[in-house]
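Enquirer: Let me give you the structure first, and then I'll get to my questions.
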Amino acid sequence: MKFNVLTLFPEMFEPIKESILKRAQENNVIEINLINIRDFSKNKHKKVDDYPYGGGAGMLIRPDVVYDAYQSIENKDTAKVIYLSPQGKVLTQNKVKELSKQENLILLCGHYEGIDERVLEEIVDEEISIGDYVLTGGEIPAMVLIDSVSRYVEGVINAESTNEESFSNGLLEYPQYTRPEVFLNKKVPDVLLSGHHSNIENWRKEQSIKNTKNKRPELLEKQL
Ligand code: 4GS
């Protein structure tokens, strides 16, 4: 799967070059193509932003530079274009799973106060938010999307991991334990040492429900 990212700050994307996503890129299972919008400025000072018509605070990114950056992307016509913005639908695990079926995505990151509306109308297919709060730019949201979607791309992680985690069954995950068997006088629950697979499975299901009731009761209401 290919993620093309349109950004003014390609250097912000170092965090997704480590760990699991590093291996996925080395194995050519995912590809992350960073496009610096500033490279498409025709201004002698490489300026990309300007004042909003009608006045108001802050600067906006010009539509022409964003459009030229978009036009430079190979296979742009087969790609879905996503604009990361607090005006979008909030990203959910179901949406993450759905996006992982795409072969080619273009992620548009705003910065400053935003982007001229006309280029958004022209190129954006879908607007997605990572939550109801305001950030300084769309780069962190784009990384959140790349990280969460990549986990569902075949070969990135073990398929079992995506079947047993929080949200996969609409519930939060059960508590987990590793060695030592006793830590600060707290013992690992006996059932997990019993080797009785169906008892373990039942205990985990029970704990998942209890955890969800205590921490995120609204998730259970959604299930009914
Ligand atoms: C989000 C968000 C965001 C909005 C970008 C103000 C700079 C900023 N993007 N989910 N301008 N929440 N974007 O806060 O996606």
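Since every read-out is calculated from the coordinates, none of them should be taken as a lab result. Here the structure is a predicted model, which means the values were calculated and not measured. Here the Cβ positions follow ideal geometry from the backbone for every residue, glycine too, while neighbour counts run over all protein chains shown.
Enquirer: What is the Cα coordinate range of segment 1-120 on the first, second and third principal axes, sorted by size from largest, in whole angstrom?
Expert: Per principal axis, max minus min of the Cα coordinates gives 46, 32, 28 Å.
Enquirer: Still on this model: Once phi is turned into θ = phi - 60°, what whole-Hz ³J(HN,Hα) does the Karplus curve with 6.51, -1.76 and 1.60 give for every residue of segment 147-157, x standing for Gly and Pro?
Expert: Coupling constants for segment 147-157: 5, 5, 6, 4, 4, 8, 7, 3, x, 7, 9 Hz.
Enquirer: Can you tell which of 107, 91, 172 lies farthest toward the positive end of the dipole of the chain, using +1 and -1 charges on the Cβ of basic and acidic side chains (Lys, Arg; Asp, Glu)?
Expert: So the residue we want is 172.
Enquirer: Separate question: Note down the magnitude of the dipole of segment 23-119 about its Cα centre, charges +1 on Lys and Arg C-beta and -1 on Asp and Glu C-beta and zero elsewhere, to the nearest 20 debye.
Expert: 140
Enquirer: Then there's this: State, as an integer percentage, the relative contact order of the chain based on alpha-carbon contacts under 8 Å between residues 6 or more apart.
Expert: 20
Enquirer: While we're here: Mind listing the phi-derived Karplus ³J(HN,Hα) values for segment 111-117, rounded to whole Hz, using 6.51, -1.76 and 1.60 with θ = phi - 60°, and x for any glycine or proline?
Expert: Running phi through 6.51 cos²θ - 1.76 cosθ + 1.60 with θ = phi - 60° gives 8, 6, 7, x, 10, 3, 4 Hz.
Enquirer: Helix 197-215: angle to the longest alpha-carbon principal axis of the chain, degrees 0 to 90, nearest 10?
Expert: So the helix axis and the longest Cα principal axis differ by about 50 degrees.
Enquirer: For the pairs 17/222; 46/80; 187/222, flag any whose C-alpha to C-alpha distance is greater than 30 Å.
Expert: The pairs that break the limit, which is 30 Å between Cα atoms, are 17/222; 187/222.
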